[in-house]
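Here the structure comes first, spelled out in structure tokens, and everything after it is commentary.
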Amino acid sequence: MASVGKDVRYGVRLIKQSPGFAVVTVLTLALGIGANAAIFSVLNALVMRNLPVWRPERLVEVAAIYRNGATVPVSFPVLQQLQQNQRVFSDLFGWTPGLSYNVEINGELSRTTVRGVTGNYYGALGTAPLLGRLIGPEDAGIPGTPVAVIGYEFWNRRFGRDPAVIGRTIHIEGMSFTVVGVSRKWFMGMTPGTPPDITIPITAGPFAGQVTQRALLWLFVAGRLKDSLTIEQARQQMHSFWSETLLNTAPTTAPGPRLQSWLAMGLKLNSAATGINRDLRDHFQNSLRVLMGLAGLILLVACINLANLTLARVTARSREMSVRVALGATRLQIIRQVLTETILLSGAGALLAIVLANWAGHLLLTMIGAGQGAPVLLDLRPDLRVFAFTALAAIATGVLIACAPAWQMARQHPADVLRLDERTLPGGGRLNKSLIVMQIGFSLVLVFGAGLLLRTFETLSSLDPHFQKESVLQVDLNPRPEGFNGVEWNSYRKQLIDALANLPGVTSASFAGLDIPAGDGGWKDTVAAVSTDALADAGRLATLVVVSPGFFRTLGIPILAGRDFDWSDDQKHPPIAIVDDNLARRLLPSGDVLGTSVRFGVRPEFQGMRIVGIARSASLINLRDADAMVIYVPSSHYSERGDTGNLFVRAANPAAVTRVVQNEIQAHHHEYSTNAKTLKETSEQTLGEDRATAMLSSLFAGLALVLAGIGLFGLMSYAVSRRTREIGIRIAVGAQPGTILGLILRESVVLCGLGVIVGVPCAIAATRLIGHMLFGVTPGDPLTFAAAASILLAVGAAAGYWPARRATKIDPIAALRRE
């Protein structure tokens, strides 16, 4: 320990003697380690960190597995059956997804996220309130008590953290609720990233009428394992009565596909220590892992660059170190001294990186979450895992930077070094050049990967979705509390659409029960001809879209065959449907599907629908999936499904009619609108993840190019300074400036070329790992590769030009006199 202390003190003195080198090293490592720590902190908060509740490792997710393999929630009757028959959990509790409802506070109406929970939800999690109390079993009877717990962020945003909020009355869908508590900051329940604004008993308010619906799969369920029991034991006990539970809670007893589908559902139990938010994690994880790889590469490039700088410093100190060895110091002590110095610098960089990581993590979360409907909230405060990651990164970078100088010193014999003069003192030589070649190779991987991701984003941005984007407004519809009591849906919808279509500047208007692009929000199920088994082709998944007459005209989607919907296609007539040509080809590849009767899933209302039209396929669901299949049904026939959705208004100048359209909606006193965007804007919003990935990868590639250019510039400058005598002699015997310039530039470009050759297999292997994120470009795209290689060669030429130009101006007399 005394020797280590001496090494540390000596290392600090050396750092003080070279403040410029120390500042460059610390800042470079702070950026490199900080970028990695920022991405890791988001991954840690979203995926790896346990929930901030009592003994989270004992929490277990309980979910159903649908016939297509998807994990789905369960119905309330299923939850009740599970609670009655299970013997492995001390608590089995449930909660709804966060849904938007009308919430009125101080006379101001807004759409707010509300979640229903069972009475044992908070008790099972073992959490305490910040103010007041939480919902308990006494609140979740039938009917439930109208009490509410508000989240910390909502309390801060809407009530200014007023402690007198306890006892206040708020209105949810016109029903009065008493605020009884405020949850703690960063408490997100079982769903990290998406905490609810308001929590109410699952048997109260807008949820009360849904608890008896057997077919409604809407409840997420988790349990707390009893002590000494394992998840495997819980699986065995729960599976023992799962079939009986399904039979007792089936939404129908009539034989047929619907009953078969219900009884065929499986049961899944997994650890829920980190919470349950599958959609958000799937949305973020791919991008974060790719960015983590890119950030790791940029840190490696930075380490190679700093290793070159350190090697140059150690070479300048060769005599000093040789004298120390001659006086009795071992090579291990010398190497340890260099390692101590580099770890001190990387440790200082890591401390600064922790500060940068917190700021960069929030920025990264905002960028990637831009496409989400609501802000993503994660606790990005560094924990032991983040500190450990940063410390390991600091140690690893310190060791990597010290490797090249240590290897160089191990090869040198002190006596040989002491015999040489300043001109013949050995430099890094081949080792310097090898490091530069490695640096350029890794830079090629970054530039090539960034080029592919950038081309993917540009392709998606310029993609033709086969519907009008610029001229069509998507206007959200929010029903007022009790706004539709006694209202006939079809009459109202037709009246509103006709009124909007007659507004000045409006070409046409229509309604659809989806957001465009729908993404994962659409209702997907199997479509099959009535004459076939509905469960036989589980791979033919289509998205059901409820649309009003005029929808296809408004969006500019042509009907290729058959007819459009009409307002007379109501429940007095047999059900009909329009399919897109993707689905038409899958249903009947060699014939005309018009007149064919099909079924969508197993719900009774979607059986025996006759196809009356074929619409051109359009990217309404996912811009990346041109083969997505869609089946359209008329809102006039399924009026009960017309309470949620959007109006689509086509106008020559959408911005000019936005306010007029929203005022017209409110004038009917049944609904109101808070958001209206063109389909171009909504499509661009869904590309937030791709945009962030492309921007950040381009930033990393740019940093790699700068570091590669600086490293190559330093190497060539050093080479020119060591070859001053040789160049002077060449000029003295008649070498022209162009010859000298070409000599130095050739070496710089050759090093870049070698780096490109070394980086080719690495780039091909690395880009295949991001193949699932690419669109419109292949992982080995030759055009992108040629551009990346050209950019690196150009950087090599630019980095070598200034040292080469300086070489052409060497005065041979001065050079020889100096020697």
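The values are calculated or read from the model by the stated rules, or taken from the named source; none is laboratory data. Values in this document were obtained by computation on a predicted structure and should not be read as measured data. We place every Cβ from the backbone using ideal geometry, glycine too, and count neighbours over all the protein chains shown. To get the accessible areas, we keep the full protein, side chains included, count just its heavy atoms, and leave off ligands, DNA and RNA. Shrake-Rupley method; radii C 1.70, N 1.55, O 1.52, S 1.80 Å.
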Total residues in region 340-376, condition under 22 Å from Tyr152 (Cβ atoms) and crowded, with 19+ Cβ neighbours inside 10 Å: 4
Residue within region 724-735 that is open to solvent by less than 60 Å² (accessible area, probe 1.4 Å) and either closer than 30 Å to Phe457 by Cα or without any contact (Cβ under 8 Å) to a residue 12 or more places away in the chain (or both) present: yes
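So that you can scan it fast, the table gives a plain yes or no per residue for (1) open to solvent by 10 Å² or more (accessible area, probe 1.4 Å); (2) among the basic types (Lys, Arg); (3) part of a helix (DSSP H, G or I); (4) at pLDDT 90 or above:
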residue: Glu422; (1), (2), (3), (4): yes, no, no, no
residue: Pro426; (1), (2), (3), (4): yes, no, no, no
residue: Leu431; (1), (2), (3), (4): yes, no, yes, no
residue: Ser434; (1), (2), (3), (4): yes, no, yes, no
residue: Gln439; (1), (2), (3), (4): no, no, yes, yes
residue: Leu446; (1), (2), (3), (4): no, no, yes, yes
residue: Leu463; (1), (2), (3), (4): yes, no, no, yes
residue: Glu470; (1), (2), (3), (4): yes, no, no, yes
Positions within region 622-645 being open to solvent by less than 10 Å² (accessible area, probe 1.4 Å), modelled with pLDDT under 95 and not hydroxyl-bearing (Ser, Thr, Tyr), in sequence order: Gly642
Top-ranked residue in region 571-585 [being in contact (Cβ under 8 Å) with a residue 12 or more places away in the chain and over 16 Å from Ser635 (Cα atoms); ranked as most open to solvent (accessible area, probe 1.4 Å)]: Asp581
Check on Ala626, small (Gly, Ala, Ser) and more than 16 Å from Ser548 (Cα to Cα): yes
Residue ID - nearest to the chain's Cα centre (by Cα), chosen from residues in region 206-226 that are among the small types (Gly, Ala, Ser) and modelled with pLDDT of 95 or more: Ala222
Residues (crowded, with 18+ Cβ neighbours inside 10 Å and touching an Asp or Glu at 6+ places or on another chain (Cβ under 8 Å)) located in region 607-619: Gly613, Ile614, Ala615, Ser617, Ala618, Ser619
Any pair with Cβ under 8 angstrom, 6 or more apart, that starts in region 279-297 at a residue that is touching a residue at least 24 places away in the same chain (Cβ under 8 Å) and acidic (Asp, Glu) and ends at one that is open to solvent by 40 Å² or more (accessible area, probe 1.4 Å) and in a helix (DSSP H, G or I): Asp279/Asp520
Top-ranked residue in region 149-165 [being part of a helix (DSSP H, G or I) and within 28 Å of the chain's Cα centre (by Cα); ranked as surrounded by the most Cβ atoms within 10 Å (Cβ to Cβ)]: Trp155
Residue count, region 755-790 (criterion: over 30 Å from Asn432 (Cα atoms), open to solvent by 30 Å² or more (accessible area, probe 1.4 Å) and among the β-branched types (Val, Ile, Thr)): 1
Residue within region 520-532 that is surrounded by fewer than 17 Cβ atoms within 10 Å (Cβ to Cβ), within 28 Å of the chain's Cα centre (by Cα) and more than 16 Å from Pro634 (Cα to Cα) present: yes
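For (1) under 24 Å from Arg111 (Cβ atoms); (2) modelled with pLDDT under 95; (3) open to solvent by 20 Å² or more (accessible area, probe 1.4 Å), each residue gets a yes or a no:
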| residue | (1), (2), (3) |
| --- | --- |
| Gly167 | no, no, yes |
| Ser183 | yes, no, no |
| Phe187 | yes, yes, yes |
| Ser228 | no, yes, yes |
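Just checking, which of Ala30, Ala2 is farther than 30 Å from Leu300 by Cβ and modelled with pLDDT under 95?
Among Ala30, Ala2, only Ala2 is farther than 30 Å from Leu300 by Cβ and modelled with pLDDT under 95.
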Count of residues meeting criterion [in contact with a helix residue (DSSP H, G or I) (Cβ under 6 Å, 6 or more places away or on another chain) and part of a helix (DSSP H, G or I)] in region 665-686: 1
Number of the condition not met by Gly613 [criteria: (1) closer than 21 Å to Asp515 by Cβ; (2) touching a residue at least 40 places away in the same chain (Cβ under 8 Å)]: (1)
Flag if Gly800 is at pLDDT below 90, assigned to a helix (DSSP H, G or I) and either under 20 Å from Met716 (Cβ atoms) or not basic (Lys, Arg) (or both): yes
Residue pairs meeting the criteria (Cβ under 8 Å; at least 6 apart or on separate chains; first in contact (Cβ under 8 Å) with a residue 24 or more places away in the chain, in region 350-369; second charged (D, E, K, R) and open to solvent by 30 Å² or more (accessible area, probe 1.4 Å)): Asn358/Arg381; Met367/Arg691; Ile368/Glu689
Residue satisfying all of: in region 66-97; buried (at least 20 other Cβ atoms within 10 Å of the Cβ) and among the small types (Gly, Ala, Ser); farthest from the chain's Cα centre (by Cα) among these: Ser75
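Open to solvent by less than 30 Å² (accessible area, probe 1.4 Å), modelled with pLDDT of 90 or more and closer than 30 Å to Ser287 by Cβ, is that true of Ala794? Spell out how you get there, then give the answer.
Values: open to solvent by less than 30 Å² (accessible area, probe 1.4 Å): no; modelled with pLDDT of 90 or more: yes; closer than 30 Å to Ser287 by Cβ: yes.
Answer is no for this residue.
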Neighbours by Cβ (under 9 Å, 6+ apart or cross-chain): first from region 262-276, at positive phi; second open to solvent by less than 30 Å² (accessible area, probe 1.4 Å) and assigned to a loop (DSSP other than H, G, I, E, B): Gly275/Leu51; Gly275/Met188; Gly275/Gly189; Gly275/Met190; Gly275/Thr191; Gly275/Pro192
Which numbered condition Gly181 misses (of (1) assigned to a strand (DSSP E or B); (2) more than 20 Å from Phe93 (Cβ to Cβ); (3) over 32 Å from the mean Cα position of the chain (by Cα)): (2)
Close pairs (6 angstrom Cβ cut-off, 6 or more residues apart or separate chains): within 20 Å of Asp564 (Cα to Cα) in region 586-606, assigned to a loop (DSSP other than H, G, I, E, B) anywhere: Leu587/Val593; Ser597/Val530; Ser597/Gly608; Arg599/Val530; Arg599/Ala534; Arg599/Gln607
Sole exception among (1) farther than 14 Å from Gly449 by Cα; (2) among the polar types (S, T, N, Q); (3) open to solvent by 40 Å² or more (accessible area, probe 1.4 Å) for Thr808, by number: (3)
Long-range neighbours under 7 Å by Cβ, at least six apart or interchain, first residue touching a residue at least 60 places away in the same chain (Cβ under 8 Å) within region 122-138, second acidic (Asp, Glu) and surrounded by 15 or more Cβ atoms within 10 Å (Cβ to Cβ): Ala124/Asp91
Residue among Arg67, Arg55 that is touching a residue at least 40 places away in the same chain (Cβ under 8 Å) and closer than 29 Å to Ile200 by Cβ: Arg55
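Residues in region 753-790 that are outside any helix (DSSP H, G or I) and not aliphatic (A, V, I, L, M): how many?
Of all residues in region 753-790, those outside any helix (DSSP H, G or I) come to 769-770, 774-781.
After this cut, where a residue has to be not aliphatic (A, V, I, L, M) as well, the list is 775-776, 778-781.
Matching residues across region 753-790 total 6.
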Single residue of region 262-287 satisfying the filter (modelled with pLDDT of 90 or more and in a helix (DSSP H, G or I)) that is nearest to the chain's Cα centre (by Cα): Trp262
